Amino acid sequence: MIDLGLNGKRAVVSGAGYITTRAGHGRLSALRLAEAGATVACIDIDEGRAQGTVEAIEAIGGKAFPVLADMTDPPQVKRAIDDVVAELGGIDVCVDIIGKGTWNTVQDFEPAEWDWTILNNLTHVYYLFQAVARQMIEQGTGGSLVALASVDGIAAAAYHVAYGAAKAGVISVVKTFGYELGRYGIRVNAVAPGAVGSGNYDQPENQWGVDDINPLAAPRAQDIANAVLFLSSGLAGRITGQTLVVDGGATTRQAWDIRAENIPLYRQF
């Protein structure tokens with residue numbers, strides 16, 4: 001049996017609550033960490049959502065507790081982390097899930113939309129990671145930070161320009177945090193989901209290349225949680241500053257419409 005190195009670890013998941021119209025990355029990531037043996041502090045702005053994830057973890061025999069906080073407000077971020085440390089004695093793993101896009105054409109995108117999107121997808125990651133990094137440095141025992149980025153931070157983010165810019169910022173932040181914090185044994189990485197939508201739970205098993213977007217198959221919410229678990233675990237013990245893309249191969253697409261059936265045409269010199 002593979003040891004993930006998470007048994008007895010102290011984990012934080014920011015945005016751990018489940019919103020019914022969303023993919024549920026926070027809840028699933030929290031569940032995966034709990035299944036691996038970590039005690040999970042479930043932070044959410046909504047008390048009911050946080051408690052719901054705690055109950056889901058306890059239902060599988062895991063350990064968790066809720067923390068209510070608005071992670072876009074630095075004083076609340078500090079208070080939330082202080083509460084977690086008071087309860088657990090420290091932090092070994094921190095995962096940030098919070099994020100949401102707003103949609104409009106670039107010519108009509110409003111300044112207020114831009115500011116809100118950057119705050120809720122990028123700035124709050126900086127607030128949280130800075131607070132947790134300070135705690136981990138003080139502990140002197142290393143740790144892992146994982147943020148949720150997006151393939152929209154790698155490719156174009158059509159009609160949600162601020163979201164793409166924010167997620168590109170997350171990818172940069174994990175590189176810089178990873179570079180500066182490596183000397184303390186702290187790893188910092190991101191997961192970049194593809195088109196998960198509300199979860200893709202209805203995607204058929206073992207059917208590949210069924211659409212024009214994902215050469216392999218559409219990523220599911222559980223695939224994102226598994227990537228979070230990997231980067232949080234001892235299996236990623238020498239990985240930092242990286243963004244793990246989980247998109248069913250969508251961003252591998254070629255610039256040219258070259259198809260297998262047309263190969264004979266291209267072989268004509």
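The values are calculated or read from the model by the stated rules, or taken from the named source; none is laboratory data. As the structure is a prediction and not an experimental result, all values here were calculated from the model. For neighbour counting, all protein chains shown are included, and Cβ atoms are generated from backbone atoms with ideal geometry for every residue, glycine included.
See the values below:
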| quantity | calculated |
| --- | --- |
| Qualifying residue in region 25-37 (condition: crowded, with 18+ Cβ neighbours inside 10 Å, touching a Pro at 6+ places or on another chain (Cβ under 9 Å) and closer than 23 Å to residue 219 by Cβ) | yes |
| Candidates 46, 82, 92, filtered to the one that is out of contact with any Asp or Glu (no Cβ under 7 Å at 6 or more places or on another chain), closer than 30 Å to residue 159 by Cβ and among the charged types (D, E, K, R) | 46 |
| Residue in region 86-136 that is farthest from residue 172 (Cα to Cα), counting only those that are among the charged types (D, E, K, R) and surrounded by fewer than 18 Cβ atoms within 10 Å (Cβ to Cβ) | 87 |
| Residues (small (Gly, Ala, Ser), modelled with pLDDT of 95 or more and crowded, with 18+ Cβ neighbours inside 10 Å) located in region 181-234 | 190, 192, 225, 227, 232, 233 |
| Selection count, region 115-143, where residues are hydrophobic (A, V, I, L, M, F, W, C) and over 21 Å from the mean Cα position of the chain (by Cα) | 1 |
| Counted residues, region 3-38 - those being outside any helix (DSSP H, G or I) and either of a type in the set (Ser, Thr, Tyr) or touching a Cys at 6+ places or on another chain (Cβ under 8 Å) (or both) | 9 |
| Region 39-51, subset assigned to a helix (DSSP H, G or I) and of a type in the set (D, E, K, R), residue surrounded by the most Cβ atoms within 10 Å (Cβ to Cβ) | 49 |
